[in-house]
Amino acid sequence: MDTDWTQLAERIIRYEFKDKSLLEQALSHSSAVDRRELSNERLEFLGDAVLGFVVCNQIFQTFPEFEEGDMTKVKSAVVSRKVCAEIAQELDLCRILRVGKGMSGSTLPDSVSGAAYEAIIGSIYLDSSLEDAQRFVIQTIGSRIEAAAASTHEDNYKS
């Protein structure tokens, strides 16, 4: 594993991994590895679940006045492939994402960059704790939760 790449990746993510192999796996698309189990797909699966839980918990704790339908609207606005891809772009994950030759040099599809974001969440969870994964999620997606909640509240106020 390249030390410069690892340091850059940890700087971008703002988290230092104890197990560097989790970082490498989280940022390895299936097109870049010889064996599928070395790709970020399993970590993406786990990260998606952690992301959903953290966002739901944050909405539940922060907006006690919201009914279930309101909370669902906020979650749907925030936990989506589009938003995950936007966050990946903001973090500049594409610069450190390992992809196969057929994908390099072009703009990556949202599905690839969004999956990398979710895989990072899963890898932080496995490397450390739910609390560290939650901290990362809130740092990167918290403003979108607030914006979606404000929009939902405004829509309900108008109706």
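The values are calculated or read from the model by the stated rules, or taken from the named source; none is laboratory data. Being a predicted model, the structure only gives us computed values, none of them experimental. In this analysis, Cβ positions are derived from the backbone assuming ideal geometry, glycine residues included, and neighbour counts consider all displayed protein chains. Heavy atoms of the whole protein, side chains included, go into the accessibility calculation; ligands, DNA and RNA do not. Shrake-Rupley method; radii C 1.70, N 1.55, O 1.52, S 1.80 Å.
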Looking at (1) over 20 Å from residue 147 (Cβ atoms); (2) open to solvent by 80 Å² or more (accessible area, probe 1.4 Å), can you tell me which one residue 124 breaks? (2)
I need the full set of residues from segment 1-23 which are closer than 19 Å to residue 91 by Cβ and either touching a residue at least 40 places away in the same chain (Cβ under 8 Å) or open to solvent by less than 20 Å² (accessible area, probe 1.4 Å) (or both), in order please. 5, 6, 8, 9, 12, 13, 14, 15, 17, 22, 23
Quick check: is even one residue across segment 132-152 modelled with pLDDT under 90, buried (at least 20 other Cβ atoms within 10 Å of the Cβ) and polar (S, T, N, Q)? yes
Looking at this structure, is residue 74 modelled with pLDDT of 95 or more and either β-branched (Val, Ile, Thr) or surrounded by fewer than 18 Cβ atoms within 10 Å (Cβ to Cβ) (or both)? yes
Is it true that some residue in segment 2-25 is assigned to a helix (DSSP H, G or I), farther than 19 Å from residue 139 by Cβ and either aliphatic (A, V, I, L, M) or in contact with a Pro (Cβ under 7 Å, 6 or more places away or on another chain) (or both)? no
Take segment 110-121 and flag every residue that is in contact with a helix residue (DSSP H, G or I) (Cβ under 8 Å, 6 or more places away or on another chain), over 18 Å from residue 49 (Cβ atoms) and either of a type in the set (A, V, I, L, M) or surrounded by fewer than 20 Cβ atoms within 10 Å (Cβ to Cβ) (or both). 110
